[in-house]
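Okay, so here's the structure we're looking at.
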């Protein structure tokens, strides 16, 4: 079949491919809509219709074995409270507890604080014509926000960010390195001292809410969350609440440097910013792949994907599928009518932090444009981030006019 004959090589652990995966993804979409990688033993789909349908098919494609390839291949036991690594019926209960916290209304209510954080960080750059936007804003602001929501003291937030990031980093472009880093991070990522302190010192934060939350679990028992379940929630929020938003800010700055005409429109009309952030998420998905465990044999494009396989849903490719977005799919267009993209997932596992990420991305861009309406990127002085699941920049040096 055409979908198995001589496909281009795609590997999410390959640094060179990760630098610009779009040509490979297009070849896969056009000629190999079901791809199999024999080195790492996974399947992948790259077209919009396949990715969207697969992400909402939670009966065939399971999250409870992990949503990273290295997790599935390592056959890791998922810690309790990690709602993204869970399936119904328990997923429904655990997600319900967090959905009470991360409502769009509540996230919008913290906008003044988010804006104050951004202003403080950017105002400190006054008079400078060159700096690393990731170091000065992208890596700091999301941690301060999620730290504030969780109740983590500011003086400890950066250390916790560094610890959670370590689990995503690849030192080499292979799966073994990813498994090693992730395991070390899981072992070290202990928020227990904060949890113990919060039990005796309640406050208006997410950790306190989790400590006192009562719910009926999927077995019908009325109870509170266990200590391990709360720690799972907190570890998840600390990691997910930082990495992808940092990448969103980096991609926004990098891409608008390449589209100065659209950047000028945003400077002149800030009402365009919310849709611009949606388009940025479509154009450069911070987390462009989602892995699932195949629970039963399933036919995809005329081939049987066997039970027990790992399936990679490449939302970064789907977001640029011409079949969905037309001939301008590979161009940024802040006026595009988007409807929805897949950068926050789809279906039961749609990102609970989507409203927070949108808020942070929107406010960060607004505050940057107010102070630095024009900039260019020094790529020689910038560094890419290398992970198996998140694309972006660890260092993005810009020159401002």
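The values are calculated or read from the model by the stated rules, or taken from the named source; none is laboratory data. In this text the structure is predicted, and so the values were computed from the model without any measurement. Positions of Cβ are backbone-derived with ideal geometry, glycine not excepted, and every protein chain shown enters the neighbour counts.
Table for the structure above
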| read-out | value |
| --- | --- |
| Which listed residue, of 137, 98, is more than 30 Å from residue 29 (Cα to Cα), buried (at least 22 other Cβ atoms within 10 Å of the Cβ) and touching a helix residue (DSSP H, G or I) at 6+ places or on another chain (Cβ under 8 Å) | 137 |
| Residues of the range 105-146 classified as in a loop (DSSP other than H, G, I, E, B) and over 19 Å from residue 241 (Cβ atoms), total | 6 |
| Candidate set: the range 191-212, residues that are touching a helix residue (DSSP H, G or I) at 6+ places or on another chain (Cβ under 7 Å), touching a residue at least 40 places away in the same chain (Cβ under 8 Å) and in a loop (DSSP other than H, G, I, E, B); chosen: the one farthest from residue 97 (Cα to Cα) | 191 |
| Flag for residue 378 being in contact with a strand residue (DSSP E or B) (Cβ under 8 Å, 6 or more places away or on another chain), surrounded by fewer than 22 Cβ atoms within 10 Å (Cβ to Cβ) and not in a loop (DSSP other than H, G, I, E, B) | yes |
| Which listed residue, of 316, 326, is touching a residue at least 60 places away in the same chain (Cβ under 8 Å) and part of a helix (DSSP H, G or I) | 316 |
| Failed item in (1) farther than 30 Å from residue 42 by Cβ; (2) in contact with a helix residue (DSSP H, G or I) (Cβ under 7 Å, 6 or more places away or on another chain), with residue 380 passing the rest | (2) |
| Where a residue in the range 286-304 is without any contact (Cβ under 8 Å) to a residue 40 or more places away in the chain and its partner, wherever it lies, is surrounded by 15 or more Cβ atoms within 10 Å (Cβ to Cβ), with Cβ under 8 Å and at least six apart | 297/305; 299/305; 304/298 |
| Residue tally, condition touching a residue at least 60 places away in the same chain (Cβ under 8 Å) and within 20 Å of the chain's Cα centre (by Cα), over the range 109-142 | 9 |
| Options 20, 49; residue that is in contact (Cβ under 8 Å) with a residue 40 or more places away in the chain, at negative phi and surrounded by fewer than 17 Cβ atoms within 10 Å (Cβ to Cβ) | 49 |
| Residue within the range 292-301 that is in a helix (DSSP H, G or I) and farther than 30 Å from residue 372 by Cα present | no |
| In the range 346-364, the residues that are touching a helix residue (DSSP H, G or I) at 6+ places or on another chain (Cβ under 8 Å), part of a helix (DSSP H, G or I) and closer than 29 Å to residue 89 by Cα | 347, 348, 349, 355, 356, 357, 358 |
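So that you can scan it fast, the table gives a plain yes or no per residue for (1) in a loop (DSSP other than H, G, I, E, B); (2) at pLDDT 95 or above; (3) surrounded by 24 or more Cβ atoms within 10 Å (Cβ to Cβ):
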| residue | (1), (2), (3) |
| --- | --- |
| 219 | yes, no, no |
| 223 | no, no, no |
| 235 | no, no, no |
| 239 | no, no, no |
| 248 | no, yes, yes |
| 257 | no, yes, no |
